[in-house]
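This report refers to the structure that appears directly beneath it.
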Amino acid sequence: MTAANDANKRLLVRGAAAVLTGAAPTAPGVPGAARSDATDLRIGADGTIVEMGRGLAPLPGERVLDASGCVVYPGWVNTHHHLFQSLLKGVPAGIDQTLSAWLQSVPFKARGSFAREERLRLAARIGLVELMRSGCTTVADHHYLYWPGMGYDPSAVLFDEAERLGLRFMLLRGGGTVARGAPGELAAHDRPETFDGMLAALERTVARFHQRGARTMRRVAFAPTTITVALQPHELKPAARAARALGIPLHSHMSETVAYYEHCAERFGGKLPIDVCAEHEWLGSDVWFAHLVHLSPAERRLLGESATGIAHCPQSNGRLGSGVAPAPELARLGARVSIGVDGAASNEAADMLSELHAAWLLHRAHAGQASRPRPQGRGEEGADAVTVEQLVHWASAGGAATLGFDGVGMLMPGMAADLAIWSLADPRHFGLHDEALAPVVSGARPRLEWLLCNGRVVVEHDAIPGLDLAQLGHEARAAVREIAAESL
Ligand SMILES: [Zn+2]
C-alpha cells in the first residue's frame, strides 16, 4: 500500500463545477467566502494550494486532474473517533442499549481482544479507509485502551497506520486512573494506569510524535477518557496543567447523557458537569469535548464565553438514544463547533458525509419540532437551523480550529491542499440546480474521484492505490469471529 504515488508532484485541479471552501458562511442563505468563484486550484510541490482561479493553464511538469462534472470540497477533519471500535460494529448485545449499558456490553467488554497489536492495526486500517472514502483527510482518534504492561504501544500503531495511508493524524491520548471494580479482581487489560504513569507515557508520546507547525501531519492531545469518571477529582487540575505545560490541547467526553449529571452529583458535591470543568481549568480555546448533548442554559453560556470546542457526533448520539446536541446554539454563543463520527461500535457508519447528511436533517427536524403556532410561537420554523455551508465549515475549518491546526481545513492559497473531488455522475445528482450541495444533501456517498492530503493523491478514481479492499473485508470477518468468541 502506498499513498505516495504522487509525492512531490505538482498538480492542477481543473474545471470543477463548484468549490466550497470550508470558510464560515456570512449568514444563513449568504454563503460569502464559503463558496469560491474558482474552478481551478494549483497545488505546489510543498503540498499547499498556491493559486485558485478560472482558466488556469498547466505549467510544465504539472499533472492535471480533470474535475469537470465534479465538486471540490475541503478534506474533512474528524475531531472524535475510536478506531479500535471498527471491529465492534453492530454487536447484538449492545445494539439497543443506552450509553452506560452499551459501554459495559461492547467496548469495555472487548478490551482484552486488543491486547494483540495486529488486532488494533487491522481495526485502525478499516476505520481510516472508511474515513478516507468519505473524504476525510485529518483524523483525531481518542484512544483509551492503555494498561500497565500491555506489551506494545497502541499510539505508535495508530500513527503508523495513518502514515501508511497518507493521512494527517492526531492522537487523543485517553485512558484513566480509576478502576471499574475492585483492583484485586481485575484482568490485566482492565487495570488502570497510575496518574504519574499516565503523564510519563504522555510525555514520551509527545516527544516522539508531536509536531509543532500550522499543517503538520502528527499531533497529540491529552484526553483522559471522561474526566469526571476516569480521573480522581484531585487529578483534573494537574492533568490540565500538564498538557498546557507540554503545549498540547485537552479533550474528553462530556455530557453525553443524563448519567453525566448523576456522576457529577455523586462525585463533585451536586455540581453540574461544565461547572466542574470550569472549576478544574478544563475550559478554553485549547479544550474540546465530544458530545455535549445535555447542558443547562448556564453551561451553554460558559462553553461559549470560554470558546471551548465541541466534537458534535449526531449519529452516535442518535444511535445510543442520547439526544441532539445544541450545536447551532453553541456556535452562536461562541463555542467552536466541529464534527466527529465517534467510534464505530456506536455509529456503524464511520462516514463524515453521512454524519453531515444526518446533522443537516436532524437539526432542522429538532428545530421544527419545537415550533408553536402564532401568536404564542413563531409559526413554521426549522428549515434554516443549519445550512450546508455551515456544516461543511464545521467539518473542515471548524475542525481544524478545534484541533489547533492553523494551516488546514480551508481551500485558499497558502493552506494545505487537503481536498476531495466528488464526481456527480450518479443519477441521484442529475437535475440539481445547485451542484455544490450534492455531497451533503443527496444522502449517499458520491464517487470520490480524487482525495488529496497535504497535496498528495491518497484516493484515485474511488480506490486507495495498493489497497486490496476484498482482502481487508476477509480479515475483518475473521477478526469479528475471533473477538465474538473470546470477549463478547
Ligand atoms: Zn467517543
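The values are calculated or read from the model by the stated rules, or taken from the named source; none is laboratory data. Quick caveat, the model's predicted, so the values are computed rather than measured. Reconstructed Cβ throughout: ideal geometry from the backbone, glycine too, with neighbour counts over all protein chains shown. The protein model used for the area step is the full one, side chains on, heavy atoms only, and it has no ligands, DNA or RNA in it. Shrake-Rupley method; radii C 1.70, N 1.55, O 1.52, S 1.80 Å.
So the values come out like this:
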item	result
Residue match in the stretch 345-366 (condition: at positive phi, within 16 Å of the ligand (Cβ to nearest atom) and either in a loop (DSSP other than H, G, I, E, B) or crowded, with 22+ Cβ neighbours inside 10 Å (or both))	no
Test for Q232: is it within 20 Å of F289 (Cα to Cα) and open to solvent by 20 Å² or more (accessible area, probe 1.4 Å)	yes
Output for the stretch 54-106, where each listed residue is part of a loop (DSSP other than H, G, I, E, B), within 16 Å of the ligand (Cβ to nearest atom) and either open to solvent by less than 20 Å² (accessible area, probe 1.4 Å) or not assigned by TED's automatic domain parsing to the domain that holds M132 (or both)	T79, H80, H81, H82, L88, V91, V106
Criterion: open to solvent by 10 Å² or more (accessible area, probe 1.4 Å) and in the same structural domain as D66 (by TED's automatic domain parsing) - qualifying residue of A385, A436, A425	A425
Any hit, the stretch 288-303, residues being more than 16 Å from the ligand (Cβ to nearest atom), closer than 21 Å to Y144 by Cα and in contact (Cβ under 8 Å) with a residue 60 or more places away in the chain	no
Condition broken by G431, with the remaining ones in (1) without any contact (Cβ under 8 Å) to a residue 60 or more places away in the chain; (2) outside any loop (DSSP other than H, G, I, E, B) satisfied	(2)
Selection from the stretch 191-232 of residues that are outside any loop (DSSP other than H, G, I, E, B) and touching a His at 6+ places or on another chain (Cβ under 8 Å)	R218, R219, V220, A221, F222, I227, T228, V229
Of all residues making up the stretch 323-344, the number that are within 16 Å of the ligand (Cβ to nearest atom) and either closer than 27 Å to L120 by Cα or open to solvent by 10 Å² or more (accessible area, probe 1.4 Å) (or both)	8
Subset of the stretch 283-325 [over 14 Å from V341 (Cα atoms) and of a type in the set (F, W, Y)]	W288
